[in-house]
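One structure is given below, encoded as structure tokens.
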Amino acid sequence: MAKITYIEHDGAEHVLDVKVGLSVMEGAVKSNIPGIDADCGGACACATCHVYVDPAWADKTGTPTAMEESMLDFAENVEPNSRLSCQIKVTDELDGLIVRMPESQH
Amino acid sequence: MKKSDAGVIIVGAGHAGGTAAALLRQFGYEHPITLIGEEPLAPYQRPPLSKAWLKGETDAETLMLKPATFYAEAGVELRTGVCVAALSPEEKTLTLASGETLDYETLILATGARPRPLAIPGADLAGVLVLRSAADAEALKASLRPGKRLAVIGGGYIGLEASASARALGAEAVVIEREPRILARVANETLSTFFTDYHRARGVDFVLSASVAAFEGEGGKVKGVRLGSGEIIPCDVALVGIGAIPNMELAKVAGLACADGVIVGETAQTSDPDIYAIGDVTWRHLAHYGRPFRLESVANALEQARQAACAITGRPPPAAEVTWNWSDQYDLKYQFAGLPFDVDDVVLRGDPASGKFAIFHLAGDRIQAVEAVNAPAEFMAGRQLIARRAAVSRTRLADTAISMKEVAA
């Protein structure tokens, strides 16, 4: 398990224990946390699981693939710390991770 | 009992129905929610059944839309393995196959679609399968291993994904298609050729322009597919993937307006103001294309689940979306957006031989649809250009030296 804090656009915080091996997206969706839609279920096909990774965790969450980069390029309100949360696998090293959600995924 | 205490009943516990239940709670709906499904399982994702799940790359738990504990925690009464026999919009009641009657304040029909049957001799032989449910996928997976041969009837996405998965599992695969090319109903010819070549290079056989006359069996089990020409294609298992038909009988008998699906408006409301319909079962007006249509996709199911949940909880309606879908075959990610209605020209961007290209379908100088293979930027930009109804230059669109960011700017 890794403790992950999901912060909605309006500031509402959700702290969840997410099973190692799931994606950061799955952690939110399985608990019905608003703010991450993940329409394609994690196939990196839709860019509706966009999050901002807390800068302190940027290194540990790794770098996006070319596929993810291309999808993110066209998401709304992209920042340098933007990621698709379906592409971040939860590991023990991510215990304490903080991600923020954009205002809308659509 | 007052009807307001009866809350929302959702008929159909698939991707659309399960999402609607979850969104109603997310949006603060406080009355009872009952989610009724015919299948024995809680809502799960269907797309992986022909893709990652079939290849054994993902497990049953990952397929589930929400964990088993979710429904009780969220106050959603999930009733699986239950068939609904009748709907009375006047009484605002549902009658279950068991005879039990349920009151509703608001009803959501999310009954989906079912595989179109192929009514030919031998269709009832063991080993003649369809692929819609998790149980279907289990049966198919159990038949795919080295030394076995899969015959797919119908060169659509389901059949192609199943063929790719069959190859990954070491089984042989042959696709039998009535038209002279695969994906004839849905994709551009360049794309049909590309997919045919890609599959052939990975060992999939194609029999094109061929009708299917019968399934041949031995001891009650399928052994081959007899073509109209008399030729027999031997197989150990056959998958029929020739489209789907909407499960709209309940709505039709109840007197709701139907076409090739239950007719709904922009908030997913049917001809009865207390009844919504979402997902594959619906026939909806597509404002963007000025015509009604029945969409079969997860994106459509989720968009309409959002529309219904917003309408029921008094939220403003979600922004209209450009329809889209995707398919995974081997290392190919195929994504498409929009629909190729009223198209008078197509523009190819990139070289299919490189395995990375996109096809834009144009009506005048506007993009109506985009098909992208391993080309996510083209897909994303195309989707946005379709939504904006932006005028585009064909020369710029075809020029890979100009980035899609610039084209879409």
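Across region B:331-408, the volume of the C-alpha convex hull divided among the residues equals 78 Å³ per residue.
Counting charges near A:Gln105 (Lys, Arg +1; Asp, Glu -1) among other residues having Cβ under 14 Å from its Cβ returns a value of -3.
Which entries in the list A:Lys60/B:Lys51; B:Lys66/B:Lys92; A:Lys3/B:Lys141; A:Lys89/B:Lys405; B:Lys141/B:Lys333 go over 32 Å, if you measure between the two C-alpha atoms of each? Check vs 32 Å cut-off fails for A:Lys3/B:Lys141. Here the label points at B:Glu189 and B:Asp274, each 7 Å from Cα along the C-beta direction, are separated by 5.5 nm in the simple model.
Averaging the sequence gap over all C-alpha pairs within less than 8 Å and six or more residues apart, then dividing by the number of residues, gives region B:358-409 a relative contact order of 32 percent. Summing Cβ point charges (Lys, Arg +1; Asp, Glu -1) relative to the Cα centre of the protein assembly as shown gives a dipole of roughly 980 debye. Equivalent ellipsoid of region A:2-100: semi-axes from √(5λ) of the C-alpha gyration tensor, largest first, are 18, 15, 14 Å.
Computed FRET efficiency, Cβ-Cβ of B:Glu61 and B:Thr400, R0 45 Å: what is it to the nearest 0.05? Once rounded, the FRET efficiency stands at 0.60. Ranked by how many other Cβ atoms sit within 10 Å of their own Cβ, fewest first, the residues B:Phe215, B:Phe70, B:Phe341 fall in the order B:Phe341, B:Phe70, B:Phe215. Remark: relative contact order (chain B) = 14 percent; criterion is Cα-Cα distance under 8 angstrom and separation of 6 or more residues. With helices as the sole contributors, chain B gives -7000 deg cm²/dmol at 222 nm; each DSSP H run of n ≥ 4 counts as -39500 (n - 2.57), and the sum is divided by every residue. Using only Cα atoms, what Kirkwood radius does region B:262-409 have, in angstroms? After inverting the pairwise mean of 1/r, the radius is 16.3 Å.
When chain B is treated as a Gaussian network with alpha carbon springs shorter than 10 Å, the biggest mean-square fluctuation among B:Val373, B:Val264, B:Val82 belongs to B:Val82. Rounded to the nearest 20, the Cβ-based charge dipole of region B:128-240 about its Cα centre (Lys and Arg +1, Asp and Glu -1) stands at 180 debye. Measuring between their Cα centroids, region B:81-143 and region B:9-75 lie 16 Å from each other. Select from B:Arg79, B:Arg294, B:Arg200 the residue whose mean-square fluctuation is largest in a Gaussian network model of chain B (Cα-Cα springs shorter than 10 Å). Most flexible of the set in this elastic network: B:Arg200. For B:Ala126 and A:Val78, a Förster radius of 41 Å and the Cβ-Cβ distance give a FRET efficiency of 0.20, rounded to the nearest 0.05.
Look at the alpha carbon pairs under 8 Å that are at least 6 residues apart: their mean separation over the length of region A:2-100 gives a relative contact order of 42 percent. Across region B:128-240, the volume of the C-alpha convex hull divided among the residues equals 96 Å³ per residue. By DSSP, the beta bridges lying fully in the protein assembly as shown are antiparallel in about 65 percent of cases.
For A:Glu93 and B:Ser229, a Förster radius of 51 Å and the Cβ-Cβ distance give a FRET efficiency of 0.25, rounded to the nearest 0.05. Mean residue ellipticity, 222 nm, helices only, chain A: the sum of -39500 (n - 2.57) across DSSP H runs of n ≥ 4, divided by residue count and rounded to 500, is -3500 deg cm²/dmol.
Peptide B:65-73 shows a mean partner chain C-beta count of 2 within 10 Å per residue C-beta. Projected label points at B:Glu249 and B:Ser98, each 7 Å from Cα along the beta carbon direction, are separated by 2.1 nanometres. Here the Kirkwood formula, the inverse mean of 1/r across different C-alpha pairs, assigns chain B a hydrodynamic radius of 22.7 Å. Take the Cα of B:Arg116, step 7 Å along the line toward its Cβ, and report every residue of region B:165-194 whose backbone nitrogen sits under 16 Å from that point. Flagged as within label range: B:176-187. Averaged over the residues of B:205-211, the number of partner chain Cβ atoms lying within 10 Å of the residue Cβ comes to 0.
Cβ crowding within 10 Å ranks B:Asp260, B:Asp59, B:Asp328 as B:Asp59, B:Asp260, B:Asp328, fewest other Cβ atoms first. Here the protein assembly as shown is treated as an ellipsoid with the same Cα gyration tensor; its semi-axes, largest first and in whole Å, are 34, 31, 24.
Since every read-out is calculated from the coordinates, none of them should be taken as a lab result. Being a predicted model, the structure only gives us computed values, none of them experimental. Positions of Cβ are backbone-derived with ideal geometry, glycine not excepted, and every protein chain shown enters the neighbour counts.
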